[in-house]
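The values are calculated or read from the model by the stated rules, or taken from the named source; none is laboratory data. What you see is a predicted model; the values in this text were computed from it and never measured. Positions of Cβ are backbone-derived with ideal geometry, glycine not excepted, and every protein chain shown enters the neighbour counts.
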Amino acid sequence: MTRAKKVSIAALIVMLLSAAVAYGIYARNRGVIGVQASHVVRQDLTQTVSANGEIKPKKYVNISANTMGRIVQLPVKEGDHVRDGDLLIRLDSIQTDAEVRSAEASLEAAQAELEGMASSVKSSEAGINSAKAEVTRSEADLTRAKQNLDRADRMSKDGLISREQYERTQTDFDIANAQLGAARARLAQTEAQAAQAVKQRDGLALRITQQRSSLTRARDQSSKTTIRSPLEGVITYLPVNEGEIAIVGVQNQPGTVLMTIADMSVITAEVKVDETDIVNVKLGQEARIKVDALADRVLMGHVSEIGNSALTRSSGAATGTAATAQEAKDFKVVVTLDSPPPELRPGLSCTAEIITATRPRVLTAPIQAIASRELPDDLTAKKETGGVFVIRNGVAAFAPVKTGIVGTTDIELTGGLGEGDEIITGPYQVLRTLKDNARIRIEK
């Protein structure tokens with residue numbers, strides 16, 4: 001046998017042996033699934049809810065004008081600290097001041113007229129008293145004349161007086177009666193004049209009330225030309241300049257806001273929490289705030305307000321009955337900062353991490369290890385059950401588990417597994433289709 005044949009035979013034998021070994025390895029690994037694995041561990045677990053928003057003062061006021069006018073004085077600038085009652089803006093007040101002076105003059109004239117009318121009423125009352133006295137005197141004269149007439153009538157019948165004397169007595173009686181009628185007429189006239197004077201006085205009093213109302217209105221309009229600070233704070237927004245025209249403020253109309261004053265003693269982070277997480281958020285929960293402008297600095301705070309109305313992510317407005325169920329919704333949550341730094345400014349973007357639950361030294365597993373399978377619930381139905389695949393002697397065994405709070409990467413296990421159990425954590429595509437009792441191998 002030549003050397004070349006020997007080499008060929010040896011090479012052929014090596015190839016056959018390699019093929020046999022490769023086939024053996026293939027046959028041994030056929031049906032074995034490569035997986036990633038981890039262990040059930042005991043650790044502290046914290047459940048959080050993350051949300052984005054912006055820094056806002058707890059209390060702020062948008063200053064708007066209540067009357068239209070040109071800004072003639074603007075003694076403040078953006079960033080200034082102002083106290084309650086400080087002058088912010090003064091508008092042109094020539095017309096309003098003139099209206100105040102006119103209303104004051106009209107009121108003074110009406111009051112002077114009222115004083116004159118009061119004198120007339122007193123004079124009328126004195127005239128009534130005089131007329132009553134004259135009526136009383138005339139009644140006395142008539143009584144005396146009547147007595148004289150009766151006496152003269154008896155004496156005339158007895159022939160004691162002449163006919164002339166009797167007629168003179170009759171004439172005196174008629175005169176006294178006429179004088180009484182005239183006195184009563186003068187009394188009625190005087191009373192009518194007094195009543196008219198009283199009515200005029202009452203009408204003038206009503207007119208004075210109207211004049212006072214006009215003066216109050218004019219003073220109110222004049223006072224609106226001077227705008228003062230309603231609180232102590234910092235001017236965070238000032239879009240107007242001296243000489244511009246201020247228009248009457250309209251609610252939710254940005255162009256009518258003259259300035260914004262914020263009370264920077266209490267700073268909040270107003271964030272929007274997804275509707276799936278809002279049920280876990282409670283008042284008083286601790287939160288960690290990161291402000292983009294402060295790099296990695298973490299600020300502490302607590303939840304102080306939770307909105308009851310959902311906000312659509314598209315418009316940010318509260319939804320009504322016409323909102324569709326497919327719209328993604330958020331809820332407003334306000335976090336009050338415990339110790340806000342002085343460099344914070346309203347409007348800065350921030351991220352809040354709200355701590356909704358904590359568990360010390362609990363059994364945990366990676367979140368991605370949780371899978372769901374249909375297991376028999378009774379003799380006729382199946383139920384979707386959550387669990388994990390445990391590795392036992394190279395075989396995946398599905399084990400139902402009970403879960404608790406969810407952390408950033410791990411989930412609490414409240415039943416079903418023990419500490420140190422080896423479980424399958426991935427890949428995701430494998431976990432979706434992995435069967436119970438499947439042969440597996442651990443891959444890194």
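Points worth noting:
- Options 396, 371, 357, 352; residue that is touching a Lys or Arg at 6+ places or on another chain (Cβ under 8 Å) and either under 30 Å from residue 272 (Cβ atoms) or free of Cβ contacts under 8 Å to residues at least 12 places away in the same chain (or both): 352
- Scope the range 65-93; condition under 17 Å from residue 232 (Cα atoms) and either part of a loop (DSSP other than H, G, I, E, B) or touching a helix residue (DSSP H, G or I) at 6+ places or on another chain (Cβ under 6 Å) (or both); matching residues: 75, 76, 77, 78, 79, 80, 83, 84, 85, 86
- Subset of the range 227-285 (residues that are in contact with a helix residue (DSSP H, G or I) (Cβ under 9 Å, 6 or more places away or on another chain) and assigned to a loop (DSSP other than H, G, I, E, B)): 239, 247, 249, 250
- The combined condition, being small (Gly, Ala, Ser) and part of a strand (DSSP E or B), is not fulfilled by residue 420.
- Any pair with Cβ under 7 angstrom, 6 or more apart, that starts in the range 75-100 at a residue that is at positive phi and ends at one that is in a loop (DSSP other than H, G, I, E, B) and polar (S, T, N, Q): 85/229
- Single residue of the range 93-117 satisfying the filter (of a type in the set (Gly, Ala, Ser) and loosely packed, with under 13 Cβ neighbours inside 10 Å) that is farthest from residue 70 (Cα to Cα): 116
- The set of residues in the range 393-411 being more than 11 Å from residue 436 (Cβ to Cβ) and of a type outside the set (S, T, N, Q) consists of 394, 400, 401, 402, 404, 405, 406, 407, 410, 411.
- Residue check, residue 225 crowded, with 19+ Cβ neighbours inside 10 Å, in contact (Cβ under 8 Å) with a residue 40 or more places away in the chain and over 30 Å from residue 350 (Cβ atoms): yes
- Only one of the listed residues (92, 158, 44, 150) is acidic (Asp, Glu) and either modelled with pLDDT under 85 or touching a Cys at 6+ places or on another chain (Cβ under 9 Å) (or both). That residue is 158.
- Odd one out for residue 127 among (1) modelled with pLDDT under 90; (2) surrounded by fewer than 16 Cβ atoms within 10 Å (Cβ to Cβ); (3) closer than 30 Å to residue 199 by Cα: (2)
- Any chance residue 245 is in contact (Cβ under 8 Å) with a residue 60 or more places away in the chain, at negative phi and exposed (fewer than 13 other Cβ atoms within 10 Å of the Cβ): yes
- Residue match in the range 171-192 (condition: under 60 Å from the mean Cα position of the chain (by Cα), within 30 Å of residue 208 (Cβ to Cβ) and assigned to a helix (DSSP H, G or I)): no
- Residue selected from the range 411-444 under the condition under 30 Å from residue 358 (Cβ atoms) and among the β-branched types (Val, Ile, Thr), by the criterion surrounded by the fewest Cβ atoms within 10 Å (Cβ to Cβ): 414
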